[in-house]
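Working notes for the structure below.
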Amino acid sequence: MSRNALNQTRTASSTLRGSRSRLLAGVFTLALAGGAVGAFVIPETVTPAFAQLSTNQPAGTFSFADIVEKVSPAVVSVKVKKDEEQVAANGDEDSLGGQNVPPQIERFMRRFGFGPGAPGGPDMGPRRGPGHRAVVGQGSGFFISADGYAVTNNHVVDGASEVDLTTTDGKTYTAKVVGTDPRTDIALIKVDGKSDFPWVKLAEKAPRVGDWVVAVGNPFGLGGTVTAGIVSARGRDIGSGPYDDFIQIDAPINRGNSGGPTFGLDGEVIGVNTAIVSPSGGNVGIAFAIPSETVSEVVAALKEGGQVARGYVGVQIQPVSDDVAEAMDLKQAEGALVAQVQPGTPGEKAGLKPGDIVTAIDGATIKDSREMSREIARKKPGTTVKLSVLRDGKAITVPVTLEQLPTNVASADKAQGGEEREQGTRDVPRLGLSLAPAKGVAGAGDIGVVVTEVDPNGPAAERGLKAGDVILDVGGKPVMTPADVRDGLAAAKKDNRKAVLMRVKSEQGTRFVAISLGDQRG
């Protein structure tokens with residue numbers, strides 16, 4: 001290579017590094033994720049805008065310009081108006097439109113020290129004077145058909161009294177909300193009276209980690225903004241709900257990008273932007289998108305009936321951790337552990353029991369509880385599924401006829417607050433717990449043993465046990481007194497078990513906690 005050619009190569013490389021180092025920062029925009037039913041079918045006689053693309057770039061160069069030129073016309077800025085009374089009723093006065101933070105992922109925010117009003121947290125849009133009743137919020141979206149169907153986030157349009165879409169050529173259209181799905185944070189909207197909108201296709205093939213992606217949206221109201229990066233990871237669980245299966249990307253995503261598309265190099269939408277992590281208050285290269293396969297399923301259901309019909313078993317489940325697998329003498333830490341069966345549900349009618357481990361659905365292996373939740377949700381109500389279950393070390397098959405997931409799924413009975421009476425309290429020093437019969441603690445119910453105090457340095461605290469939790473059984477046997485807990489631990493140790501399972505009820509529901517017997521400290 002000649003000296004001039006070598007210098008040109010070094011200059012180009014330096015320019016690329018410099019341009020990547022100047023990517024802008026951002027803030028929180030969080031939402032939900034999950035799975036549903038059906039598939040959105042694109043008419044074969046109509047082709048998306050990107051199908052017209054022919055790349056004529058000089059050899060040895062690379063640019064996103066051809067992709068952006070073809071797909072940008074299908075991306076819209078979404079402007080919504082909400083009544084102040086509605087905003088207050090929803091509890092989202094401090095987080096509107098593309099900046100809204102759904103309650104389901106406030107826990108996720110708190111893990112990073114965020115909340116409304118915190119640095120990097122969501123901020124309210126322009127406030128009006130006392131006489132004004134409407135608040136304006138913004139987000140992003142994109143057309144998926146020539147006749148005006150478009151996709152955005154549910155939290156962008158939730159509670160909106162008016163939705164307007166602005167295209168890249170500056171034209172504004174009024175849209176109606178066809179249907180929304182809060183559990184996946186997907187909304188389907190429609191502009192009537194026009195049949196030649198530029199549109200883009202939802203990808204049928206999942207991207208690979210390392211693939212280039214391009215995000216187009218309306219950050220901070222700056223419509224038509226393009227950023228680029230790669231797929232950083234797949235299958236991310238950010239604690240927003242039971243159907244979490246996010247694509248993680250490092251393309252800069254900011255407030256107002258919510259509901260906008262992320263494209264692969266073929267111009268197809270691989271995901272809908274919905275959340276970022278921002279411990280510093282600026283974009284740090286961790287953004288999340290709802291996978292196109294999930295979007296396609298939800299959109300199909302919303303287009304058909306305005307809502308998503310999901311299958312429902314009626315059990316609380318949790319992952320099989322290494323500790324749980326050790327306590328149950330399992331060879332592998334896989335499957336979904338049934339922690340609680342709700343009364344009157346398909347699970348109870350089918351005979352499922354706490355302690356059952358679901359290992360497969362209709363012969364397809366289930367790796368963890370999230371996978372079980374997604375697969376059950378994809379089944380239609382009325383479908384009978386065959387659950388492969390491991391019970392007391394034996395493999396059985398349990399047929400379950402699914403029902404419609406209730407709008408407000410009843411949570412497990414919660415341990416209510418109230419003054420704790422220390423009368424009858426006994427200490428279990430080797431676990432770092434003080435316990436009392438549930439009957440003796442106001443609001444705790446009549447079953448189990450209440451944790452009244454936890455040694456922060458003890459093994460129980462390390463496993464997440466807290467004051468107010470109710471221990472229901474130890475080693476599969478119900479407990480009513482602190483002595484029962486001691487006896488359960490002693491029996492497990494006598495059987496040379498390395499760990500013991502305790503079924504615990506808390507404000508978050510019922511779960512199994514594995515306590516390693518080697519962890520006990522005297």
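Hey, fewest Cβ within 10 Å first, where do Phe62, Phe220, Phe263, Phe512 land in order?
Least to most surrounded, the residues fall as Phe62, Phe220, Phe512, Phe263.
If every alpha-carbon in the stretch 365-405 counts as one equal scatterer, what log10 I(q)/I(0) does Debye give at q = 0.18, 0.29, 0.33 1/Å?
-0.56, -1.08, -1.15
Rg to Rh ratio, the stretch 311-404, alpha-carbon atoms and Kirkwood radius?
Ratio value, two decimals: 0.94.
State the answer as a single residue: which of Val320, Phe288, Val299 lies farthest towards the positive end of the charge dipole of the stretch 285-326, with beta carbon charges of +1 for Lys and Arg and -1 for Asp and Glu, about the Cα centre.
Val299
Per-residue counts of other Cβ atoms within 10 Å, averaged by peptide: what ranking do you get for 204-216, 153-165, 390-402, 299-311, highest first?
Taking the mean over residues of other Cβ atoms within 10 Å, the ranking is 153-165, 299-311, 204-216, 390-402.
Assuming R0 = 30 Å, what is the FRET efficiency of Gln404 and Asp211, from their Cβ-Cβ distance, to the nearest 0.05?
0.20
Among Glu69, Glu297, rank each residue by its count of other Cβ atoms within 10 Å, from fewest to most, as a rough exposure measure.
The most exposed by this proxy come first: Glu69, Glu297.
Evaluated at 37 °C with a viscosity of 0.692 mPa s, what Stokes-Einstein diffusion coefficient in µm²/s does the stretch 127-274 have when Rh comes from the Kirkwood expression over alpha-carbon pairs?
Answer from the Stokes-Einstein relation: 204 µm²/s.
Which length gain, in nm to one decimal place, applies between Asp322 and Asp362 when the Cα-Cα distance is subtracted from 0.36 nm times their residue separation?
In short, 11.9 nm is gained.
According to the square roots a ≥ b ≥ c of the eigenvalues of the Cα gyration tensor, what is the shape class of the stretch 426-519, taking rounded for a/c under 1.5, prolate for a/b larger than b/c otherwise, and oblate for the remainder?
Because a/c hits 1.5 or more and a/b exceeds b/c, the stretch 426-519 counts as prolate.
Assuming R0 = 45 Å, what is the FRET efficiency of Glu507 and Asp266, from their Cβ-Cβ distance, to the nearest 0.05?
Efficiency, from the Cβ-Cβ distance: 0.45.
With a point put 7 Å past each Cα toward its Cβ, work out how far Ala490 is from Glu334 in nm, to one decimal.
4.0 nm
Values quoted throughout were computed directly from the atomic coordinates according to the rules given, and no laboratory measurement underlies them. Source: prediction; values computed, not measured. For neighbour counting, all protein chains shown are included, and Cβ atoms are generated from backbone atoms with ideal geometry for every residue, glycine included.
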